[in-house]
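Asks: Before I ask anything, here is the structure I am working with.
Rule-based calculations on the coordinates, nothing more; no lab input. As the structure is a computational prediction, the values presented were derived from the model and not from experiment.
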Amino acid sequence: MEQILDIDVAVLGGGLAGHCAALAAAERGASVLLLEKCAEPGGSTVTSAGSFALAGTDLQAAVGVQDSPQQLAEELMRVSGGHAEPALVQTYVEEQAETYEWLKRQGVLFHKISLSSSTNVPRTHPTNSRQLIAALHEQVRKQPLIRYLPNTRATRLEFGGDGRVQGVHLQSGENEYEARVRGGVVIATGGFSRSPELIRKFAPELINAPAWGGAGNEGDGLKMAWALGADVADMGFVNATFGVAINHYPDTEARADDELLLRMAMYRGGIAVNLEARRFADESQSYKKLATACLAQPRGIAFQIFDQAIMDQSVPNPSVNDLQGAFDKGVIKRADSWGELARQLGIDGPTLEGTVERYNGFVAAGQDLEFGRQTLGGGFGKPVALGTAPFYALPCSAAVLSTYAGVRVSPSTQVQNVFGDAIEGLYAAGEVVGGFHGAGYMSGSSLGKAAIFGRIAGRQAASRAAARTDSAT
Ligand SMILES: Cc1cc2nc3c(=O)[nH]c(=O)nc-3n(C[C@H](O)[C@H](O)[C@H](O)COP(=O)(O)OP(=O)(O)OC[C@H]3O[C@@H](n4cnc5c(N)ncnc54)[C@H](O)[C@@H]3O)c2cc1C
């Protein structure tokens, strides 16, 4: 084992939380090592739809949306089924406005806001996720206090005799190193969607569901923290996400070069039907709940059905609303009649016609007698009838994209052990953290959480380094 350097802060993982933590620590004058296991930075962040859940912004005001941090806090608690830690939620809403401005100062571009799942007012603030990471990574590259190491995996935390985390073991190719830290280690290794071992342990019902998310998201940070006695939260709430396109339908096999296309026509007014051409759920529900319903359908396959009026609302960002893009890639099918659309999908035409007719009748009557749909999504907007030809269908399924469960932290991001005590020198932020989303998930709140708590973790670890340096002199 060769010691490579003494530094103030080590940040494990080069996704959104890791970039924000590294930059925030360096802003406080700390020397930082930012490690990324893969060749490229970005993790799940770069594959994401790029939406941030924020409240009371200029972009909301520009389209006349009234919202406030307190309303956001209430919604986050409601969506979590009451399982979120109120102190974490409170910290999120107190810090979100400042973090939004900070991200813009780093060069991140926010686009026009739109409605997504589980938000009672439009508050998902879209970015382009590639631009998001590119902008932050450029800042990292320009910051002389940050040393960025790609293709370098953190393997173990070093716990000292004084009861604090004092270093991290690294592996790069055949070489192993140890980095010693004065301030602390920030775990920002993302979720564990790519770990069959951990999915089997916590969500065995999802073991056969397709897995997406960052290629390196295998739960490494979670395991390293466990090894030191870290407590965990929300492990029982790991769920899949509805709306992942089946790119080559009717061939349902994924191909190695497949692009992940997550699309949500249902929150614009589309309906979802199964292979029997029948609806199976209230489509306004969270895409997490729709995922469970979808996986219970024949072969776990569904079709998002919509019309030209919905296609006309397609926008490139957030990508979940980029229906035109998915059509251009040949993934969304189009036909001039419901019968022809059904033929392309290999489902029964008269049944699909009947399903749409019945649904349109419910919309006209203002009452969905089948599944009780009352809104477009998350309590916002009114359902619309489907009748403007041509008609469209997106063959899709549910996949494990994100896990949203993991180590328990205090609002200042210190990792807690199973007895509720802080593990000195150990911080965590982003998807590796549990206790924030609870049993549900508000769209945009994971990127928001990664940025907000990533910055807090970086600041905390840097302050600790400064305090230790002061006391040593
Ligand atoms: C398709 C998709 C769409 C999504 N859309 C949205 C959305 O619109 N809004 C939203 O809020 N959320 C969304 N999410 C979820 C969101 O993208 C993630 O929860 C969030 O990006 C997590 O950020 P992070 O920094 O914690 O982790 P990541 O961005 O995943 O970064 C973690 C990094 O750590 C690295 N790493 C792992 N282990 C190690 C190790 N041992 N050593 C060094 N590095 C390591 C990984 O390689 C990875 O680069 C989406 C997710 C997916 C997959």
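Asks: Between SER51 and residues 5 or more places away or on another chain, which pairs have amide H atoms under 5 Å apart, with H built 1.01 Å from N, and which residues are they?
Replies: THR127
Asks: What's the angle, to the nearest 10 degrees (0 to 90), between helix 129-142's Cα axis and the longest principal axis of the chain?
Replies: For helix 129-142, the angle is close to 20 degrees.
Asks: Here is a further query. Can you list, bin by bin at 5 Å, the percent of alpha carbon pairs in segment 246-399, starting at 0?
Replies: 2, 10, 20, 25, 24, 14, 4, 1, 0, 0
Asks: For VAL232, which sequence-distant residues (separation of 5 or more, or a different chain) have an amide H within less than 5 Å of its own amide H, given hydrogens modelled in the peptide plane?
Replies: Sorted by chain and number, the residues that satisfy this are ARG408.
Asks: Still on this structure, I have one more. Where the centroid of each part is defined by its Cα atoms, how far is segment 256-318 from segment 167-181 in Å?
Replies: 44
Asks: Let me ask something else about it. Amide H neighbours of SER31 under 5 Å, at least 5 residues apart or on other chains, H built in the peptide plane: list them.
Replies: Amide H neighbours of SER31, under 5 Å, 5+ apart: ASP8, VAL9.
Asks: If you take every DSSP beta bridge fully contained in the chain, what fraction is antiparallel? Give it as a percent rounded to 5.
Replies: In the chain, DSSP labels about 65 percent of beta bridges as antiparallel.
Asks: Please give the helix 16-27 orientation as an angle from the longest Cα principal axis of the chain, in degrees from 0 to 90, rounded to the nearest 10.
Replies: Helix 16-27 and the main axis of the chain meet at about 40 degrees.
Asks: Fully extended, how many nm does the chain gain between ASP251 and GLU197 (0.36 nm per residue separation, minus their Cα-Cα distance)?
Replies: Length difference between fully extended and current span is 16.7 nm.
Asks: Convert each backbone phi in segment 397-402 into a coupling constant with the Karplus relation 6.51 cos²θ - 1.76 cosθ + 1.60 (shift: θ = phi - 60°), then list the ³J(HN,Hα) values in order as whole Hz, x for Gly and Pro.
Replies: Working through the residues one at a time gives 8, 10, 9, 8, 9, 8 Hz.
Asks: Report, to the nearest 10°, how far helix 349-365 tilts away from the longest principal axis of the Cα atoms in the chain, using its own Cα long axis and a range of 0 to 90°.
Replies: 80
Asks: How much mean residue ellipticity at 222 nm does the chain get from its helices, if each DSSP H run of length 4 or more adds -39500 (n - 2.57) and you divide by all residues, to the nearest 500 deg cm²/dmol?
Replies: Helices in the chain give a 222 nm mean residue ellipticity of -10000 deg cm²/dmol.
Asks: Here is a further query. Quick check on segment 267-351: what are the equivalent-ellipsoid semi-axes from the Cα gyration tensor, as sqrt(5λ), descending, whole Å?
Replies: 20, 18, 11
Asks: Then there is this: Under the Kirkwood approximation for Rh and a Cα-based Rg, what ratio Rg/Rh is obtained for the chain?
Replies: 1.00
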